[in-house]
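Report on the following structure.
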Amino acid sequence: MELRSMFKSIFGDKKPETQTTRLELLNDYQQVFFARQDYGDDILLKTCFATLAKHIAKLEPTITVLDSGRKKPSIENKLLYHVLTLEPNPYMTAYDFYYKLAYSLIQNQNAYVKIGRDKYGNVISFWVLDYQSVEPRELDDEIYLKFQFRSGETETIPYRDIIHVRYNFGAGDFIARTESNIAENLALLDVLQQSFRNKAVNSGKIKGVAQITGQAGSEAWKQKARELTNNLKDASQGGIVTTDSTVTFTAIDSQPEAADTAQLDYVRDNIYNYFGISKNIVGGKYSESEWQSFFENTIEPIAITLSQEFTRKILSPKEIEQGYAIHFSGNRLMYSEMKTKIALIRELRPLGLLTTNQCLELLNLPPIEDGEDRVQTLNVANTAIVDHYQLGKLKSLNDVGRPKKEEEDVKLKVNI
């Protein structure tokens with residue numbers, strides 16, 4: 001049985017390498033080979049990557065279309081909708097795919113997604129490229145990216161077939177490059193953590209000055225010194241040292257000092273701030289206001305760049321001209337406190353702005369049948385009705401395009 005090749009699933013049958021030339025960049029002329037970042041096994045950075053990735057993966061992709069100036073969801077392209085929201089490729093769910101995309105984005109400041117298309121040009125799959133290095137190339141005024149993978153395989157792909165998402169795009173002309181002092185902060189944090197480890201390791205050791213009777217350097221004196229040294233090693237386990245009358249031992253309390261925990265917090269906070277998160281966000285103990293700030297400052301900018309890049313790379317120019325777009329959004333109200341949700345429902349439901357099922361969704365409850373209904377209080381009315389009534393021109397609701405009714409009904413409607 002032939003082994004299935006994921007490389008073949010993504011790129012198809014191996015074709016001759018496209019003969020491209022190096023892309024000459026404006027400020028990165030000499031630096032055209034970008035290797036991915038490698039932070040080893042640093043648990044703090046991995047925590048930052050994982051925290052951001054899981055929240056970014058919660059963003060909901062939707063296809064929208066402009067209808068009379070209003071954005072409305074569209075599922076006309078059922079295949080694209082399926083790939084975007086459920087199964088980007090045969091090996092991943094949508095959440096797994098967006099988590100992997102976000103993790104690669106935060107770790108490397110760049111994430112690359114290969115767009116798979118059928119022979120008709122329809123999008124049928126998305127693949128996050130776990131590359132080793134990437135080099136921008138060009139051929140006949142078209143940009144390509146040459147990827148090298150951990151397996152040693154290389155592939156040159158037209159840039160139009162790559163979704164390229166950048167993070168902290170402050171340095172670099174084409175590919176985002178990090179220029180932070182994060183490595184220095186990690187080194188400092190390691191030094192501070194070492195101080196705690198040294199204190200723990202040395203806390204049970206006995207130190208002191210021993211005075212041994214006899215002639216220094218004699219065999220008897222050396223033997224006694226060796227016996228005392230062995231006793232001290234054993235004492236480090238139990239905390240007691242034994243000697244005889246020929247040895248006078250004076251203990252010295254000289255334990256290494258551990259760093260102040262405030263110093264550790266300071267360095268950690270510097271790293272958290274770089275990634276736009278906080279200790280409470282990492283620990284899942286955030287308040288409503290903390291979540292709103294985190295979403296608006298960190299998640300929302302990424303949602304915007306995902307929306308724009310997916311739209312321009314997936315949809316055709318004609319579809320974009322017709323008002324179609326792809327949006328990534330997060331329901332921030334789902335993270336509000338219960339009292340905020342109830343107050344929101346109490347204020348907006350009577351105005352007809354929320355359906356029954358939208359109210360249930362806010363409360364983390366399942367939808368009900370016929371739950372798309374809207375209710376509205378009689379204390380509000382259409383502005384056209386109010387204007388006509390106040391000017392004394394309204395004799396029936398038929399004047400504003402509604403079924404004909406008596407003026408008394410209109411008075412009830414506007415609560416006169």
Does Ile115 count as within 19 Å of Gln308 (Cα to Cα) and at pLDDT 95 or above?
-> yes
Could you please give the count of residues in region 67-82 that are surrounded by 12 or more Cβ atoms within 10 Å (Cβ to Cβ) and under 13 Å from Leu315 (Cβ atoms)?
-> 4
Selected residue (only one of Ser278, Ser289, Ser254 is at pLDDT 75 or above and loosely packed, with under 12 Cβ neighbours inside 10 Å) | Ser289
Residues located in region 131-172, provided they are surrounded by fewer than 14 Cβ atoms within 10 Å (Cβ to Cβ) and outside any strand (DSSP E or B) | Asp140, Asp141, Arg150, Ser151, Gly152, Glu153, Arg160, Gly170
Within region 51-70, tally of residues that are closer than 16 Å to Tyr81 by Cα and assigned to a helix (DSSP H, G or I) | 0
Can you name the residue in region 336-367 that is within 28 Å of the chain's Cα centre (by Cα) and part of a loop (DSSP other than H, G, I, E, B) and, of all such residues, is modelled with the lowest pLDDT?
-> Ser336
Report whether or not Gly352 is touching a residue at least 24 places away in the same chain (Cβ under 8 Å) and at positive phi.
-> yes
Count of region 320-351 residues which are under 17 Å from Tyr81 (Cα atoms) and buried (at least 18 other Cβ atoms within 10 Å of the Cβ) | 5
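I'm trying to understand the selection: among the residues of region 88-128, which are part of a loop (DSSP other than H, G, I, E, B) and either surrounded by 17 or more Cβ atoms within 10 Å (Cβ to Cβ) or in contact with a Lys or Arg (Cβ under 9 Å, 6 or more places away or on another chain) (or both)?
Answer for region 88-128, where residues must be part of a loop (DSSP other than H, G, I, E, B) and either surrounded by 17 or more Cβ atoms within 10 Å (Cβ to Cβ) or in contact with a Lys or Arg (Cβ under 9 Å, 6 or more places away or on another chain) (or both): Pro88, Gln109.
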Selection from region 368-382 of residues that are surrounded by fewer than 14 Cβ atoms within 10 Å (Cβ to Cβ) and either at pLDDT 85 or above or of a type in the set (A, V, I, L, M) (or both) | Ile368, Glu369, Asp370, Glu372, Asp373, Arg374, Val375, Leu378
Quick check, is Phe174 modelled with pLDDT under 95 and either in contact with a Cys (Cβ under 8 Å, 6 or more places away or on another chain) or among the aromatic types (Phe, Trp, Tyr) (or both)?
-> yes
Those residues of region 281-335 that are assigned to a helix (DSSP H, G or I) and closer than 23 Å to Val123 by Cα come to a total of 18
Consider only pairs whose beta carbons are under 9 Å apart and that are at least six residues apart or on different chains; among these, list those whose first residue lies in region 42-60 and is more than 12 Å from Ile299 (Cβ to Cβ) and among the β-branched types (Val, Ile, Thr) and whose second residue is in a helix (DSSP H, G or I) and modelled with pLDDT under 95.
-> Thr47/Val282
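The values are calculated or read from the model by the stated rules, or taken from the named source; none is laboratory data. This is a predicted model, so every value here is computed, not measured. Backbone-built Cβ (ideal geometry, glycine too); neighbour counts: all protein chains shown.
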